[in-house]
Amino acid sequence: MSKWLRLSLVLFAVLTVGLSCQNLVEKDKAAVRALVEGDTTYFKGGTASGQDTTDGYSLLDDTTMGLWWRSPQTHDSVPVIDVGVEGDSAWVSWHQHNYGGIIHWIKTSDTTAEKWTKPLVEKVQLNAIFRREGDQAEVSRGWKLQKISLVDGTSDTVNTVTIDSLKIRSSLRDITIHDPLNTYYFTDSLVTFTPAEQLTLTLYTNATEGYAWLHAFWGIFFVRLPFEDMGNGVYQGTWNAQLWPGFRFAIFDLMTRNTLMDKTAPYDFKGWLFPYLIKNAD
């Protein structure tokens, strides 16, 4: 056999193996993407958006000048799901836009009010890690969701406000989060609060003139808790966790003051969504 023939056979074998490996990687990416698309707990559109659209919420006079809420939102028809695979690990970055409006009934005098409506566009991202824990012959090719990050939400086109860190304290725990998309929790061991656990929540931000809130669900009811402006971009609130055990999420919502108080100012928002469990003490 000539040298050139041997070299051609070697190159053909290398190319064939390379293509076969690439095909397997693409199958793995497709399997992980299908798991994300079929997930109704961590990746559903409503979970990753600012929430003022649920039936049963109550409007609060938390701007001192009126009542505000977000209108029902729509989303991209298909979220962007980026998947990377290396061996038995896969990394997912899930992206989506939310579209709607922010509505403010603002007091113009003691007896009159004016309705302001401005467009709302947000971009949100959630990261996750999958591990292969089963057989590649399975439909899922053995992949299973292992860890999720917080969700990061940002107003699109205009965004000047940032959350530098979040501190959650109680008599049972002291948690500080700096980077939502690089803070991961195992799905089978999320941060756990006991029913009605009293929590002190502190947001450290760059918004020296702003508003901050906690958004959460109490059973079927929507709760919005305004934070106290402590000065220098620090906002703090006290909240009792829900009574009912199960998976929950809370949204930490930061806006410029002008978002609500200036009729012509754009929607300027930053939000972190924090997943957790309510669980009875052992």
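Look at PHE186 and say whether it is surrounded by fewer than 18 Cβ atoms within 10 Å (Cβ to Cβ), under 18 Å from the mean Cα position of the chain (by Cα) and not polar (S, T, N, Q).
Considered against the rule, which asks whether it is surrounded by fewer than 18 Cβ atoms within 10 Å (Cβ to Cβ), under 18 Å from the mean Cα position of the chain (by Cα) and not polar (S, T, N, Q), PHE186 comes out as yes.
Kindly list the number of the only condition in (1) among the β-branched types (Val, Ile, Thr); (2) within 14 Å of LEU166 (Cβ to Cβ); (3) buried (at least 19 other Cβ atoms within 10 Å of the Cβ) that fails for THR259.
(2)
Residue by residue through region 101-123, note down the ones that are over 29 Å from the mean Cα position of the chain (by Cα) and small (Gly, Ala, Ser).
SER109, ALA113
Of all strands (runs of 3 or more DSSP E) completely enclosed by region 194-282, which ones contain at least 3 residues that are of a type in the set (S, T, N, Q), modelled with pLDDT of 95 or more and touching a strand residue (DSSP E or B) at 6+ places or on another chain (Cβ under 8 Å)?
Result: 198-205.
Look at region 72-90 and say how many of its residues are without any contact (Cβ under 8 Å) to a residue 60 or more places away in the chain and surrounded by 15 or more Cβ atoms within 10 Å (Cβ to Cβ). Please lay out each step first, then the result.
If we filter region 72-90 for residues that are without any contact (Cβ under 8 Å) to a residue 60 or more places away in the chain, which is where we start, we get 72-84, 86-89.
Among the residues that remain, those that are also surrounded by 15 or more Cβ atoms within 10 Å (Cβ to Cβ) are: 73, 75, 79, 81, 83.
Total satisfying the criteria: 5.
Assuming ILE163 fulfils every condition listed in (1) touching a Pro at 6+ places or on another chain (Cβ under 6 Å); (2) crowded, with 17+ Cβ neighbours inside 10 Å apart from one, which condition is it?
Exception for ILE163: condition (1).
Could you identify the single residue in ALA250, ALA196, ALA281 that is among the small types (Gly, Ala, Ser) and touching a residue at least 60 places away in the same chain (Cβ under 8 Å)?
ALA281
The values are calculated or read from the model by the stated rules, or taken from the named source; none is laboratory data. All values derive from a computational prediction rather than experimental measurement. Please note: Cβ atoms are built from the backbone with ideal geometry, for glycine as well, and neighbour counts cover all protein chains shown.
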